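The values are calculated or read from the model by the stated rules, or taken from the named source; none is laboratory data. Treat the numbers as computed from the prediction; the structure is a model and nothing was measured. Neighbour counts are summed over all protein chains in view; Cβ atoms, including those assigned to glycine, are modelled from backbone coordinates with ideal geometry.
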Number of protein chains: 2
Amino acid sequence: MRDVRIGIIGVGNMGFSHAKYLQNNEIEGTRLTAVLDSSPERCQWLRENLNSPIKVFCDEDSFFESDLVDAVIVATPHYNHPQMAIRAFDHGLHVLCEKPAGVYTKQVREMNEAAKKSGKVFSMMYNQRTNPLYQKLRELIQDGELGEIRRINWLITNWYRSQSYYDSGGWRATWSGEGGGVLINQCPHQLDLWQWMTGMMPSRIRAFCSFGKYRDIEVEDDVTAYAEYENGATAVFITTTGEAPGTNRLEISGDRGKVVVENEKMDFFRLRIPEPEFNKGYRGGFGSPECWKVDVPVKGKETAHRGITQNFVNSILKGTPLLAPGVDGIRGLTLSNAMQLSTWVDGWVDLPIDEELYYKHLKEKIAKSTVEKDTKSVTLDVEGTY
Amino acid sequence: MRDVRIGIIGVGNMGFSHAKYLQNNEIEGTRLTAVLDSSPERCQWLRENLNSPIKVFCDEDSFFESDLVDAVIVATPHYNHPQMAIRAFDHGLHVLCEKPAGVYTKQVREMNEAAKKSGKVFSMMYNQRTNPLYQKLRELIQDGELGEIRRINWLITNWYRSQSYYDSGGWRATWSGEGGGVLINQCPHQLDLWQWMTGMMPSRIRAFCSFGKYRDIEVEDDVTAYAEYENGATAVFITTTGEAPGTNRLEISGDRGKVVVENEKMDFFRLRIPEPEFNKGYRGGFGSPECWKVDVPVKGKETAHRGITQNFVNSILKGTPLLAPGVDGIRGLTLSNAMQLSTWVDGWVDLPIDEELYYKHLKEKIAKSTVEKDTKSVTLDVEGTY
């Protein structure tokens, strides 16, 4: 079977980190053949820093007409993800898209439609789906070990970003450049894991975003969101880039117990009999169901970006099921859009969201933006980030 | 110095637990001389079960005119707390009031005014203020060790109550009997600790209460509340009586670090330099402030109800400062009232709340109540509850 020839579109911080492991042949069945970046300075730098057979394109048309690639990794700024993916599908290419899927669900829906029409392999770079802890938690939930989900509480406040981070790129943390802040840049993984592990999307959301609360930016850097589900479950999602040391603690409780994931460890508290059953039979007043703390074996290693890229390649070559199908991207983005929209309208947002209304508000934010940023971009080392 | 002669008004579950340690002479400088309960059956039972010199009154007027008491502990159903306390102040008696201070802030404000006018000692039974963990956390905050408070997150979902609990008393979990559910009965301690430890009250609250979600009751048994403060801090308070095993985890973060209290243990994460200072000087992109995990010595023992009662007696005899001044009771109740009101109006509630509006809504709930409860009361063992 012929190797999959991969091209990377957008070779900034994340794109270059993909280029490094690909040109080192760390992914089986594939090789990096071309990259595309719109910045001439960046292209020059790439020509000097990538291995010699890799072709560097600065022009989009030439890249797509080169016939050098079978598949692309889209790692441009977020707004361009759907547009680049759609163009790739139109050229019969498979697509692995960096998170987020896009900035507004309208464009992502169009991307999903193009993917479907093309019949090509379409994956999202949701590398945290390779974390065995979250895989195990998903398995417990899907198998009913937690029973009916009642409450989800995710405190994910360890996305610390200094002002120097925001100042490192002209597109960062602007309405026109990113279309959001912590929700669109840092949290797409958690927003995805939240819906992926539970298999549920809220019926409505009420959220409270603060914009430029801790940093000199115009987008949200602090969010508290409350969500309700059709089955009566509720959820709270709290995030910020302004807090140190921050916390990453996920608690999911159901009528058969609860799971807490914190400090890369899972604690499972299992009720001996389901709570509703206990409640039905109990006559003693202050008692509560017997609870067992259970050690659940969690096996395997987080394969991260490489794992998702390998899975994408395997899917192209052997039809391996995708860990993160591309069409899933709209779900996490819907949560993100709903949280911003709820803040803007200062009220409830029902799901699925009104995509035109969201887009109208977003365009207004872009039009009213007064950000005048130093456009000098600094390349940051993304080792240790997601 | 003469012993303080104490009377207990309302000798149900809690009242009797106070009677037990008082008649066992576990509190210095005081003795239990009389009790008052409006139920003839209960009075008969009390005559048979209390030590002989303690006089049992079934009639309010006789109790207050007996001249047998210098101070009272009010442990009636919540609605009657202010009314009983006001009557006691009018008779020149000191008052130790069970939580909550009352059901609606209007009546509690009147109680506070009567207390002030009387000049008598007035304390709230906020026994969890005697917990050394919370005392230490308060000290850290008040001394500025956490810096400016930014976020408070209290997940207090381990108030499990079965249907049999609610069925044990006709007044339980009804609008006319209690005026609320988990907020008014189980959570007054946390609502008090929240404001007491931080020394801050929110400027506005948006809350989401569910009424009779897990139990056949008409009041709230599940609450998620979001609060905003004038200094920009935010808070989330989540509680329920329907979840098992539940969680009691409090996290407070400031610009100098964070504290987590869970499993009767405090973890203090201290930034080496305050976050705003780090942010101002840092130029490296993805870095974050150095954080030290600090072991803070927490000394002393939780003296609980006995500790508050002893402090109350000491205040009467020696002018010892109160751990829980009675006038503080309105603060936690304001939080509770605001959460219910926010749900009823489906919107923001500014603090201080509109006490007339709250009272209007409460009266409507009472008028519309369709609860027909078996009025047979069961006496529950309150050992291990608060």
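Structural remarks
- Across segment B:19-26, a minimum of one residue is classified as closer than 19 Å to residue B:85 by Cα, touching a residue at least 24 places away in the same chain (Cβ under 8 Å), within 27 Å of the chain's Cα centre (by Cα) and in the same structural domain as residue B:75 (by TED's automatic domain parsing).
- Candidate set: segment B:19-52, residues that are within 25 Å of residue B:318 (Cα to Cα) and among the polar types (S, T, N, Q); chosen: the one surrounded by the fewest Cβ atoms within 10 Å (Cβ to Cβ): B:24
- In segment A:199-223, residue nearest to the other protein chains (Cβ to nearest Cβ) [restricted to those that are within 25 Å of residue A:98 (Cα to Cα) and assigned to a strand (DSSP E or B)]: A:222
- Taken over segment A:281-299, the criterion of being surrounded by 15 or more Cβ atoms within 10 Å (Cβ to Cβ) and in contact with a helix residue (DSSP H, G or I) (Cβ under 7 Å, 6 or more places away or on another chain) is satisfied by A:282, A:285, A:286, A:289, A:296, A:298.
- Any hit, segment A:300-312, residues being of a type in the set (A, V, I, L, M), touching a Pro at 6+ places or on another chain (Cβ under 6 Å) and surrounded by 15 or more Cβ atoms within 10 Å (Cβ to Cβ): no
- Top-ranked residue in segment B:259-274 [being in contact (Cβ under 8 Å) with a residue 40 or more places away in the chain and assigned to a loop (DSSP other than H, G, I, E, B); ranked as nearest to the other protein chains (Cβ to nearest Cβ)]: B:274
- Filter result (touching an Asp or Glu at 6+ places or on another chain (Cβ under 9 Å), at the interface with chain A (Cβ under 9 Å from one of its Cβ atoms) and among the hydrophobic types (A, V, I, L, M, F, W, C)) within segment B:275-310: B:278, B:286
- Matching residues, segment A:190-233, being under 16 Å from residue A:137 (Cβ atoms), in contact with a strand residue (DSSP E or B) (Cβ under 9 Å, 6 or more places away or on another chain) and not small (Gly, Ala, Ser): A:190, A:191, A:192, A:193, A:194, A:197, A:198, A:200
- In segment B:245-258, the qualifying residues are those that are surrounded by 24 or more Cβ atoms within 10 Å (Cβ to Cβ) and facing chain A (nearest Cβ under 8 Å), and the one that is farthest from residue A:233 (Cα to Cα) is B:257.
- Filtering segment A:175-192 to residues that are surrounded by fewer than 23 Cβ atoms within 10 Å (Cβ to Cβ) and either farther than 20 Å from residue A:342 by Cβ or of a type in the set (Asp, Glu) (or both) leaves A:176, A:177, A:178, A:189.
- Hey, residue B:349 among the β-branched types (Val, Ile, Thr) and either within 22 Å of the chain's Cα centre (by Cα) or surrounded by 16 or more Cβ atoms within 10 Å (Cβ to Cβ) (or both) or not: yes
- Some residue of segment B:182-198 being within 14 Å of another protein chain (Cβ to nearest Cβ), in a loop (DSSP other than H, G, I, E, B) and in contact (Cβ under 8 Å) with a residue 60 or more places away in the chain: no
- Hey, residue B:239 part of a strand (DSSP E or B) and at the interface with chain A (Cβ under 10 Å from one of its Cβ atoms) or not: no
- Matching residues in segment B:122-161 - criterion: being part of a loop (DSSP other than H, G, I, E, B) and either farther than 28 Å from residue B:359 by Cβ or of a type in the set (S, T, N, Q) (or both): B:131, B:143, B:144, B:145, B:146, B:147, B:148, B:157, B:158, B:160
- Residues in segment A:142-168 that are facing chain B (nearest Cβ under 10 Å), over 22 Å from the mean Cα position of the chain (by Cα) and either acidic (Asp, Glu) or farther than 28 Å from residue B:279 by Cβ (or both): A:150, A:167.
- Those residues of segment B:103-121 which are closer than 21 Å to residue B:184 by Cβ, among the hydrophobic types (A, V, I, L, M, F, W, C) and not in a helix (DSSP H, G or I), in sequence order: B:103
- Taken over segment A:265-280, the criterion of being of a type in the set (Lys, Arg) and surrounded by 15 or more Cβ atoms within 10 Å (Cβ to Cβ) is satisfied by A:270 alone.
- Single residue of segment B:122-167 satisfying the filter (among the β-branched types (Val, Ile, Thr) and within 25 Å of residue B:306 (Cβ to Cβ)) that is surrounded by the fewest Cβ atoms within 10 Å (Cβ to Cβ): B:130
- Cβ separations smaller than 6 Å between residues 6+ apart or across chains give the following pairs from segment B:309-335 residues that are within 26 Å of residue B:187 (Cβ to Cβ) to residues that are small (Gly, Ala, Ser) and part of a helix (DSSP H, G or I): B:322/B:315; B:326/B:115.
- Criterion violated by residue B:180 - all others in (1) under 30 Å from residue A:213 (Cα atoms); (2) out of contact with any Ser or Thr (no Cβ under 6 Å at 6 or more places or on another chain); (3) not charged (D, E, K, R) satisfied: (1)
- Sole residue being hydroxyl-bearing (Ser, Thr, Tyr) and within 13 Å of chain A (Cβ to nearest Cβ), chosen from B:174, B:234: B:234
- Flag if residue A:226 is over 20 Å from residue A:343 (Cβ atoms), of a type outside the set (A, V, I, L, M, F, W, C) and either without any contact (Cβ under 8 Å) to a residue 40 or more places away in the chain or not in a loop (DSSP other than H, G, I, E, B) (or both): no
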